[in-house]
Amino acid sequence: MNALAWNCQGLGSPGKIQFLQSVTRSEKPNFVFLSETISSYEKMEKLCHKLGYEGFLAVEPQGRSGGIAMFWKGVDNVNLLSLSRSHIDVSVTKMNLDNWRLTGIYGEPDRAQRSKTWELLRNLSRDANLPWCLVGDFNNVKSQEEKKGGPPYPNLLIEGFNECLQDTDLQDLDIIGHQFTWERGRNTAHWVEIRLDRVLVNSQWLRMFEMSKVYNLEGSPSDHSPLLLVPEEQIDGKERRLEM
């Protein structure tokens, strides 16, 4: 059951829709989580059907910022657990697998309000005792090594994020490919790259999908690269394709 997570930074241009169509056709993710859609509920519903997905949830933006959506297909059942302007949290049922939990996250973009994201993760971690996977743009780094160019990332934010991960028993899955997921100012003196997007899992989920891999799909028309989570037997084929 593959999952794609992408901060699209608005879906107003045909190029972004075409890019999303191309990625979903080639990678065939069962789940798609989009953040910063800057799109209405109705537009997300139309896009869901256009991409060939069976179900969707969406939260509209506030003015000209935000907006999140989750699409799915090829699973037996998806139950909404909770949602807000920053997250969509569902339980997933598929034949021959135990129930598990998928949460799409759009981290608070305002650094002064970043603790709201950490508190959200802490609250969500208390809600259910299921194998749990979180995907999306967390808008934070775990270390200075996750940022290249520009001034150092605030240590207070790094410490706060790491404390949150410890409190929630969540671990970061390594990315295969380019290690940074957001960039600005490419090929200029002000080029900055940061790993803002990631996949977090608890130990139960990792035992359930112990061969999971996360791929950075570069070449995005957004400042963010999509991440593709591959938890099952598609891994071997993916690795062979990447080595060709």
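Points to keep in mind about this one:
- Principal axis analysis of the Cα atoms in the range 134-232 yields extents of 44, 32, 17 Å, listed in decreasing size.
- Size of charge dipole - the range 96-185 - debye, nearest 20, with Cβ of Lys, Arg +1 and Asp, Glu -1, no other charges: 240 debye
- A 1.4 Å probe run over the protein chains yields, for the chain, 47 Å² of accessible area per residue, whole-number rounding.
- Legend: Rg and Dmax of the chain, from Cα coordinates, 16.9, 52 Å.
- Qualifying trypsin sites (Lys or Arg not before Pro) in the range 150-197, where qualification requires a DSSP coil assignment and no more than 16 other C-beta atoms within 10 Å, comprise R186.
- Cross-link pairs exceeding 24 Å between alpha carbons, from the set K116/K142; K16/K46; K50/K73; K142/K213; K147/K213; K28/K50: none present.
- Rg to Rh quotient for the range 15-110, alpha carbon positions, Kirkwood Rh: 0.97
- Candidates L124, G63, Q166 compared by Cα position along the dipole of the range 58-175: farthest toward the positive end lies G63, with charges placed on Cβ.
- Of the trypsin sites (Lys or Arg not before Pro) found in the range 74-165, those that fall in a DSSP loop while having at most 11 other beta-carbon atoms within 10 Å are R126.
- Exposed loop sites were defined as GluC sites (Glu not before Pro) in DSSP loop states (anything but H, G, I, E or B) carrying at most 15 other C-beta atoms within 10 Å; in the chain the longest segment without such a site runs 55-209.
- Gaussian network model of the chain, springs between alpha carbon atoms under 10 Å - residue of N30, N140, N123 with greatest fluctuation: N123
- As a fraction of the 1.4 Å probe accessible area of the range 1-146, surface on carbon and sulfur atoms comes out at 47 percent.
- The helix-only estimate of mean residue ellipticity at 222 nm for the chain, built from DSSP H runs of length n ≥ 4 each weighted as -39500 (n - 2.57), is -8000 deg cm²/dmol after division by the residue total.
- Volume per residue of the C-alpha convex hull in the range 36-176, rounded to whole Å³: 142 Å³
- Full extension of the chain between D167 and N79 gives 29.1 nm of extra length, using 0.36 nm per residue less the Cα-Cα distance.
- Accessible area of Y106 (1.4 Å probe, protein heavy atoms only, ligands and nucleic acids ignored): about 20 Å².
The values are calculated or read from the model by the stated rules, or taken from the named source; none is laboratory data. Small disclaimer: the values here were computed from a predicted structure and weren't measured. Note that we place each Cβ from the backbone using ideal geometry, even for glycine, and neighbour counts take in every protein chain shown. Only protein heavy atoms, including side chains, enter the accessible area calculation; ligands, DNA and RNA are left aside. Shrake-Rupley method; radii C 1.70, N 1.55, O 1.52, S 1.80 Å.
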